[in-house]
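Working notes for the structure below.
The values are calculated or read from the model by the stated rules, or taken from the named source; none is laboratory data. All of these numbers come straight from a predicted model, not from anything done at the bench. All Cβ positions, even for glycine, are placed from backbone atoms using ideal geometry, and neighbour counts span all protein chains on display. We work out accessible area using only protein heavy atoms, side chains counted, and drop any ligands, DNA or RNA first. Shrake-Rupley method; radii C 1.70, N 1.55, O 1.52, S 1.80 Å.
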Amino acid sequence: MKKSLPVARPHSSESDSDIDQLYDQSIIVPTKVIAMADSFQKKEHSWFVTSPIPTDLSIQVQDITFTVHKYPLVSKCGYIGRLELQPSISNFGYELKLENFPGGSETFEVILKFCYGLPIDLNPHNIAALRCASEFLEMSEELEDGNLISKTEAFLTFVVLSSWKDSITVLKSCEALSPWAENLQIVRRCCDSIAWKASRNNSSIADVVNEEGWWFDDVATLRIDHFMRIITAIRAKGTTPEITGKCIMHYATRWLPGVDVELEGLRGYGYGKNELQFSILSGRNEDEGVGHSKQQKTIIESLVSLLPPQQEAVPCKFLSKMLKMAIVYSASSALIAELEKRVGLTLENASVNDLLIPNYKTEDQGKMIKQQEHRTMYNIDVVQRIVEYFLMHEHEQQQLQPMSGKSNVSKLMDSYLSEIARDPNLSITKFQVLAEALPENARTCDDGLYRAIDTYLKTHPSLSELDRKKICKVMNCEKLSLDACMHAAQNERLPLRTVIQVLFSEQVKMRAAMRGKELAAIGNNSEQEVTQTPTEIDIVTLKAELENVKEKMAELQRDYSELQHEYAMLNNNHKNLSGWILSWKKIRKSALFNRKVDGDESSEEQQRSKPLAHKGKFRRRQSVS
């Protein structure tokens, strides 16, 4: 439905029905009609008036030449009246060229119709251009009452600003009218009107979460600078951070290609095999190249500056995607650091895919280049900084409980380590530094870390014994579950020292499990409370067993050294390799291990019989008493 602007009815010989039909549309009929033009004609790049009076003025706007009469324009345009018109060389009259005319030739054509007294159509699509053009030509009330400046200003104030859709339409049309639209406050008034309507509806809705998105689509069509002004005005009017964050996410989805791509693990080990890289780089090539990249970079930086400071405003997944886009388009280091910090503050809610940040470097043309220091598939340094920001935040909040937020983060990091461990280009140092980034009390169980280490050893089978010992030092064998201990004891990829530690930890856990079962059985048969505090005898026994295990491990190390020496002597003879492997398996099945197991079982039976006998005597004393 078109809007109409009430104007004074002209005095003419037209019928009342025709006049009413004019007022039903957004048409302005000037009060004074100058009958100088019968019709207007346009041929190619020329626009001229059909009139019995010869024309005396030629005006060029862009690539269109308008041949008109001087008097209608001078009587309403102060700018043309002040100019010293140059006589035309090609024909009689004067000529004029209007540089940087707001709205171009189409807007000037409408103004000519107004100057000649013909009806013009005011609508949200042309009102901003006509307002700027009338200001350019100085069509004020001083020259004539009801001139174009007053009429366009009234239409903006009473028609456009009262409508949501018209305000959006006018604001979009102002994108090509800088700086006139800014200087005339058209952009500011439209942004304030849109922000007021959006915040008013949000504040009057009971359930905001389900109703706030009605204006997201319209606002997302605007240019980034206009969008920033609207969001700033909406935040100033008290809109919740959650709504502001959702609007920013909606805008990013529309304007940033690849922001909605979800990575699902390691697709390959070479460059160009990543979905995010494919999406973004292809988008660059299909669009405007370097200019388009600069526009995307501006959008990213603007959206990050608009993010509310509250952690609950936007989820960690969106922050991670923005971080990936910022790295792709070579955003400033300060902006990347800000995104890393925000991801670190919400790291508890992140997933493994959020941390899988592709590792690549871009040139000005947007092409990826390979370097020796950046050969890994994923950017490990960024994730390490994110973890550091998380630990700094935990320290500032003085969260002393180790299970508060570090438990979820430790599981997340173990899963991330398992994912990047499949990269054959990942160095031991980076893996070890990232595994040791969390404090020791952050992990209650090292099963996930053991899985990551096993994956790394499986992907890198050529590691030396020293490197395998180095990478296994990050794992605490005492925090392994019984199932993990059983798996590690049979894992041939682990070094010998780690296997011994796992065997000892497994033995301790099995003894604790057996003791727990015995205490549970005793508690069910007796009404007396049985405490599980270890006695001094148990402590002495465990120390003696530990010394025994150390001695046996020393013997195994000596045997292993002898075998290595023998293997070095027979290195040139490949036939003896199988015999060496058989001898090593015999040692693994030797009496030394059997004596260790028999001794452990006998000591367990002795320790088990002593407390049972002591507790039986104690019950007999109670029954006698």
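Here are a few things to note about the model shown:
- For I120, nonlocal amide neighbours, meaning residues 5 or more places apart or on other chains whose placed amide H falls under 5 Å from its own, are I28.
- Using R0 = 45 Å, the C-beta based FRET efficiency linking T429 and M514 works out to 0.60.
- Taking every protein chain into account, the accessible area of the stretch 48-177 amounts to 45 square angstrom per residue (probe 1.4 Å).
- Accessible surface of the stretch 424-520, 1.4 Å probe, proportion on carbon and sulfur as whole %: 55
- A Cβ-based charge dipole, computed about the Cα centre of the stretch 441-506 with Lys and Arg at +1 and Asp and Glu at -1, lands at about 260 debye.
- Listed residues A489, I428, S415: farthest to the positive end of the dipole of the stretch 374-516 (Cβ charges): A489
- Per-residue extension of 0.36 nm, minus the Cα-Cα distance of A489 and M569, leaves a gain of 25.8 nm for this segment.
- Model label points for K550 and S178, set 7 angstrom from Cα along the Cα-to-Cβ axis, are 7.5 nm apart.
- Computed lengthening from D467 to F158, 0.36 nm per intervening residue step minus Cα-Cα distance: 103.5 nm
- Rounded Å value of the spacing that divides the Cα centres of the stretch 476-497 and the stretch 287-358: 40
- Neighbourhood charge, 15 Å Cβ-Cβ cut-off, centred on L466 and excluding it, Lys, Arg +1 and Asp, Glu -1: +4
- Cross-link pairs K317/K341; K165/K197; K321/K341; K76/K113; K341/K430 - those with Cα-Cα distance over 18 Å: K341/K430
- Separation of the T298 and N349 label points, Cα + 7 Å toward Cβ, nm: 3.2
- Highest average first, the peptides 553-559, 493-499 ordered by how many other beta carbon atoms sit within 10 Å of their residues are 493-499, 553-559.
- Between L482 and D56, residue separation times 0.36 nm minus the direct Cα-Cα distance comes to 143.2 nm.
- Computed over protein heavy atoms with a 1.4 Å probe, the carbon and sulfur contribution to the accessible area of the stretch 117-247 reaches 54%.
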